[in-house]
Amino acid sequence: MKPSVFYQFLGAHSLLIGLFPFYLPVYLWGLGFNLQAISVLIGISGATFCLSLKLWQTIARHQSAALLVALTFGLECLLVIAVFLLTEVLKSQYIIAIACLLGIANGLYNAFFWTTQRTLFLALLGSNDSGRQFGNFQIFVTLFLKFGIVLGGLLLEQGGLLWIIGLSTVLNLSLWIWFKRTLDSTRLSNVDSCTFAQGFTFKDNRGSALSFRIDGIFLFLESHFWTLTLFILVKSDYAALGLVVVALAAVFALLFFLIKNTIDLYPTQQIYLLAVALYVLSWVLRYSIDTSESVLESNWLGIQLIVITFCTSFFRLAFNKRFFDHAKSGTGVHYLLAKSIVSQAYLSAFFLALALYVGGFAIDGVAALQASYLLAAVVAILFAFYQPTVQPARGQS
C-alpha cells in the first residue's frame, strides 16, 4: 500500500473514532452505566479482540486488503448502531448485559482496525526512522481525531446519537467505496501467523513479554478511564470535553513537532528511561487531581492537564519507537500479533477482575478511578525493563 493511501485510511478512521468511539465510555456513563459496567465492556472487548485475531489472520493472508479495509469501516458503523439499539431497546437494569454485547462489537472493531493499521505502518518503516515516522503518524492522527472529537461532541450535545449514526453511516459507506476503488485486489504482503500458544509463550531478551502484559491495561486506562475523569472535570458536557481535548492536543502537537525529528538522534536508552519517568509522573498527577473542580474555572488544573498530556504523549512516542524497532528488526507482524494476543488477554482479565471487585464491594466509581491511577503509577515503573533493540555495551548509555 502506498504511503498516501495509508494516511488516507488513517485519517478517515481517526475522524470516525473522534465522532463516537472516543465518547463511548462517557456516553454510557451519562446514561447511568457505572464503573463496573464500563470495566465489563473493556474486559469483554479485550477478550473479543484476542479471539478475533485468528479470523483477521485468515482474511489478511487469503483476501485482498480492500476487504480488510471494508470490514474496518463496516465494524465501526456496526458499533455505533449497536450502542443506539442496545441502549434504547434494553432497560437500565440490563446494563451488564448491554456492556457485554457492546464489548463484543467494540472488540471486533478494535481487532480489525488496529491490527490492520499497525501492519500497514510497519511496512512503511525505514531502517532508523521509527521515531520520526511515529511522530508524523501521531501528529497526523491528532489533527483528524481532534476534528472528529469536536464535531462529535457538538453533535452529541445538540442532537444526540441519531446525528452521529447518520453521519457515521454516510462517511463509512463513502469511504468504503473510495478505498475499494483505490486498493482493488492489493494484498498485504508481510502477514505472518501467530497462534495463541505462540503469543503466550513469546519471550526474548528485551523484556517484551513483560511490556506486552501491562501495555494493554495502560492503553485503556489512558483512553476510557482518563476520558471519564475529563468528562467529570467538565461537568458532563460533551461539547466542553471536546474543546478541552482539542486544546490539550494543540499543546501536544506543538511539543511533538519540536521533538519528533530529534528523538532518533539521542541515546535511545536515556530518552526511553526519561519517558518512563515522565509517564510515572503523569499517573501521580492524575491521582492528585481534585475531581470536584472544573477545568473550565481552574488555571492550575489546566496546567496539570497539559503536563499530563505531554508526559503521556512523550512516553507513547518513545515506547512505540522501541516497539516498532523490535518488530522491524525481528519477526515483523508475528511480533505485533504476539503483543496483541498477550495484551488483550491480560487487559481482559484485569478489567473483568476490577468489575467484580468494584461491584462486589460497592465502591464509588470516581474513587475507584483515582485509586487505579495510583496503582498505575507504581506499575508503570515496569516499562523501564523494556530494552532497546541493540543493547548498549557496559558503561555506555
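Part of a helix (DSSP H, G or I), modelled with pLDDT of 95 or more and either over 27 Å from Ala368 (Cα atoms) or out of contact with any strand residue (DSSP E or B) (no Cβ under 9 Å at 6 or more places or on another chain) (or both): which single residue out of Ala60, Ala70, Ala66, Ala47 fits that description?
Ala47
Out of the residues in segment 286-327 meeting the condition of being at pLDDT below 90 and aliphatic (A, V, I, L, M), tell me which one is nearest to Phe252 (Cα to Cα).
Leu317
Given the conditions (1) crowded, with 20+ Cβ neighbours inside 10 Å; (2) farther than 16 Å from Gln344 by Cβ, report the number of the one that Arg206 does not fulfil.
(1)
For (1) among the β-branched types (Val, Ile, Thr); (2) more than 18 Å from the chain's Cα centre (by Cα); (3) over 30 Å from Gly199 (Cα atoms); (4) surrounded by fewer than 16 Cβ atoms within 10 Å (Cβ to Cβ), each residue gets a yes or a no:
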position	(1), (2), (3), (4)
Arg213	no, no, no, no
Glu222	no, no, no, no
Leu233	no, yes, yes, no
Leu243	no, yes, yes, no
Phe252	no, no, yes, no
Ile259	yes, yes, yes, no
Gln270	no, yes, no, yes
Tyr279	no, no, no, no
Asp290	no, yes, yes, yes
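Looking at segment 357-374, which of the residues that are among the hydrophobic types (A, V, I, L, M, F, W, C) and closer than 22 Å to Trp226 by Cβ is modelled with the lowest pLDDT?
Here the residue is Ile363.
Cβ-Cβ below 7 Å, separation at least six or inter-chain, first residue in segment 9-21 and within 20 Å of Phe225 (Cα to Cα) and assigned to a helix (DSSP H, G or I), second at pLDDT 95 or above and not acidic (Asp, Glu): which pairs?
Between residues of segment 9-21 that are within 20 Å of Phe225 (Cα to Cα) and assigned to a helix (DSSP H, G or I) and residues that are at pLDDT 95 or above and not acidic (Asp, Glu), the close pairs are Pro21/Leu79.
Right, Ala377: outside any loop (DSSP other than H, G, I, E, B) and within 20 Å of Thr229 (Cβ to Cβ) or not?
yes
The values are calculated or read from the model by the stated rules, or taken from the named source; none is laboratory data. Predicted model only: the values in this text are computed from it and were never measured. So basically every Cβ, Gly included, is an ideal-geometry build from the backbone, and we count neighbours across all protein chains shown.
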